[in-house]
Each structure stands twice: as C-alpha cells, then as structure tokens.
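Colleague: One structure, as structure tokens, below. Some questions next.
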Amino acid sequence: MDKPKKQLEMEFKGSVNTLLKKLGINPETVIVVRDGEILTEDDSLKDVDVIRIMSVVSGG
C-alpha cells in the first residue's frame with residue numbers, strides 16, 4: 001500500500017539534518033534527493049531547492 005504523498009512549501013536555509021529534525025523525521029528512515037542526487041545529512045539546502053524525502057524500505 002502506497003503512502004500518501006504530501007507537498008510542503010516553506011522557507012528554509014540550513015542542512016538536511018536540521019530540516020529533518022524540524023519536520024520530526026528520523027534521518028535513518030529516509031533518503032533526501034535533490035535533482036536526482038542523494039543528499040547527505042550535512043548537505044546544505046536553500047529556499048529555492050526542490051527536494052524529495054523518500055522512506056527507506058528494508059527487509060530481510
């Protein structure tokens with residue numbers, strides 16, 4: 001079952017990690033992508049960036 005997609009527009013400048021904390025998202029459970037490139041927690045974001053936050057699926 002697919003999770004519903006949410007779109008959020010906000011002013012933000014800072015690191016990926018700071019954004020995830022602000023949104024209450026555990027960084028270990030998601031991948032953040034900008035322009036097809038996977039970002040690290042230390043990468044910087046600007047107001048003009050469009051990113052996708054995707055859940056990581058793991059199994060065994």
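Colleague: Does any residue of the stretch 29-43 turn out to be of a type in the set (Lys, Arg) and exposed (fewer than 10 other Cβ atoms within 10 Å of the Cβ)?
Modeller: No: the stretch 29-43 contains no residue that is of a type in the set (Lys, Arg) and exposed (fewer than 10 other Cβ atoms within 10 Å of the Cβ).
Colleague: With Ile25, Ile38 as the choices, which residue is modelled with pLDDT of 90 or more, part of a strand (DSSP E or B) and not basic (Lys, Arg)?
Modeller: Of the residues listed, the single one that is modelled with pLDDT of 90 or more, part of a strand (DSSP E or B) and not basic (Lys, Arg) is Ile38.
Colleague: Here's something else I'd like to know. Pairs only if they're at least six apart or on different chains, beta carbon under 8 angstrom, first in the stretch 22-42 and among the hydroxyl-bearing types (Ser, Thr, Tyr), second at pLDDT 95 or above; list them, first residue then second.
Modeller: Thr40/Val16
Rundown of residues vs (1) among the aliphatic types (A, V, I, L, M); (2) touching a Ser or Thr at 6+ places or on another chain (Cβ under 9 Å), yes/no style:
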position: Glu11; (1), (2): no, no
position: Val32; (1), (2): yes, yes
position: Gly36; (1), (2): no, no
position: Leu39; (1), (2): yes, no
position: Leu45; (1), (2): yes, yes
position: Val50; (1), (2): yes, no
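Colleague: Right, here's the next one. Given the criterion touching a helix residue (DSSP H, G or I) at 6+ places or on another chain (Cβ under 6 Å) and of a type in the set (Asp, Glu), identify the matching residue among Glu9, Glu41, Glu28, Glu37.
Modeller: Glu41
Colleague: Also: Under 8 Å between Cβ atoms, which residue pairs at least 6 apart in sequence (or on different chains) link something in the stretch 4-19 that is closer than 14 Å to Val50 by Cβ and touching a residue at least 40 places away in the same chain (Cβ under 8 Å) with a partner that is assigned to a loop (DSSP other than H, G, I, E, B) and among the hydrophobic types (A, V, I, L, M, F, W, C)?
Modeller: Pairs found: none.
Colleague: If you scan the stretch 24-60, which residues turn out to be hydrophobic (A, V, I, L, M, F, W, C), more than 9 Å from the chain's Cα centre (by Cα) and under 21 Å from Pro4 (Cα atoms)?
Modeller: Val50, Val56, Val57
The values are calculated or read from the model by the stated rules, or taken from the named source; none is laboratory data. Fair warning: this is a prediction, and the values are worked out from it, not measured in the lab. A quick note on method: Cβ atoms are made from the backbone with ideal geometry, for glycine too, and the neighbour counts reach across all protein chains shown.
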